[in-house]
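Visitor: Dumping the structure here so I can ask a few things about it.
The values are calculated or read from the model by the stated rules, or taken from the named source; none is laboratory data. Only a predicted model underlies this, so the values are computations on that prediction, with no experimental measurement involved. Note that we place each Cβ from the backbone using ideal geometry, even for glycine, and neighbour counts take in every protein chain shown.
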Amino acid sequence: MPISTIDPATFRSVLGRFPSGVTVVTVRDDQHYDHGMTVSAFCSLSLEPPLVLICIEKSASLHGVLAAGNTASRFAVNILEARQEEIARRFSEEYPDRFEGVGFTRGTTGAPIIEDCLAVVECELQSRHPAGDHTIVIGAVIASATREGSPLLYYRGGYAALER
């Protein structure tokens, strides 16, 4: 395959063929206000020490909360269960209060932990790295939990469940 300059629409189409898990990243800011956003750009980075990374678009509201200079230094990555598509949609769109009607508890970090999610990874913000129109946020894992279930996936612009 020849390598060439690729336009954003084509690039999005290509990347859409890579299925990813769906998460909601949550944080409680220094004014005790809860923020959350659907994020599919999440992965493990290191086992020793345990590190994860998330990528946040610079125009996203959550970007400002986790931006350099902000005191919000802890966040949670809620890995959604297959039946939580409605939550994924809610946190990916503009809602005055995305948490209204969504059950959650507080984690070790103080961030909201969404009820019935498949797993949660709570992090201390370790570093931020600008990259194109996103910022890569690296978190040091300080707590985690899991439950049984199937993951919610994102593929070619839509949600799907894993069939085993």
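Visitor: Can you tell me which of Pro50, Pro19, Pro2 is modelled with pLDDT under 85, within 29 Å of Leu162 (Cβ to Cβ) and either in contact with an Asp or Glu (Cβ under 7 Å, 6 or more places away or on another chain) or surrounded by fewer than 18 Cβ atoms within 10 Å (Cβ to Cβ) (or both)?
Guide: Just a single option satisfies the conditions, and that option is Pro19.
Visitor: Out of the residues in region 84-100 meeting the condition of being in a loop (DSSP other than H, G, I, E, B) and touching a residue at least 24 places away in the same chain (Cβ under 8 Å), tell me which one is surrounded by the most Cβ atoms within 10 Å (Cβ to Cβ).
Guide: Gln84
Visitor: Please determine whether any residue of region 127-140 is outside any helix (DSSP H, G or I), buried (at least 19 other Cβ atoms within 10 Å of the Cβ) and more than 13 Å from the chain's Cα centre (by Cα).
Guide: There is no residue in region 127-140 that is outside any helix (DSSP H, G or I), buried (at least 19 other Cβ atoms within 10 Å of the Cβ) and more than 13 Å from the chain's Cα centre (by Cα).
Visitor: Checking the conditions here, which among Glu124, Glu115 is of a type in the set (Asp, Glu), closer than 21 Å to His63 by Cβ and surrounded by fewer than 17 Cβ atoms within 10 Å (Cβ to Cβ)?
Guide: Glu124
Visitor: Could you look through region 22-47, keep only residues that are touching a residue at least 60 places away in the same chain (Cβ under 8 Å) and of a type in the set (Ser, Thr, Tyr), and pick out the one that is surrounded by the fewest Cβ atoms within 10 Å (Cβ to Cβ)?
Guide: Ser40
Visitor: Within region 8-59, track down each residue that is small (Gly, Ala, Ser), within 9 Å of the chain's Cα centre (by Cα) and either part of a strand (DSSP E or B) or within 16 Å of Arg98 (Cβ to Cβ) (or both).
Guide: Result: Gly36, single match.
Visitor: Considering only residues that are over 16 Å from the mean Cα position of the chain (by Cα), of a type outside the set (D, E, K, R) and part of a strand (DSSP E or B), which ones fall in region 105-122?
Guide: Thr105
Visitor: Kindly check whether there is at least one residue in region 36-58 that is touching a Pro at 6+ places or on another chain (Cβ under 7 Å) and hydrophobic (A, V, I, L, M, F, W, C).
Guide: no
Visitor: Exactly one of these conditions fails for Ser150: (1) closer than 27 Å to Leu15 by Cα; (2) touching a Pro at 6+ places or on another chain (Cβ under 7 Å). Give me its number.
Guide: The single condition Ser150 does not satisfy is (2).
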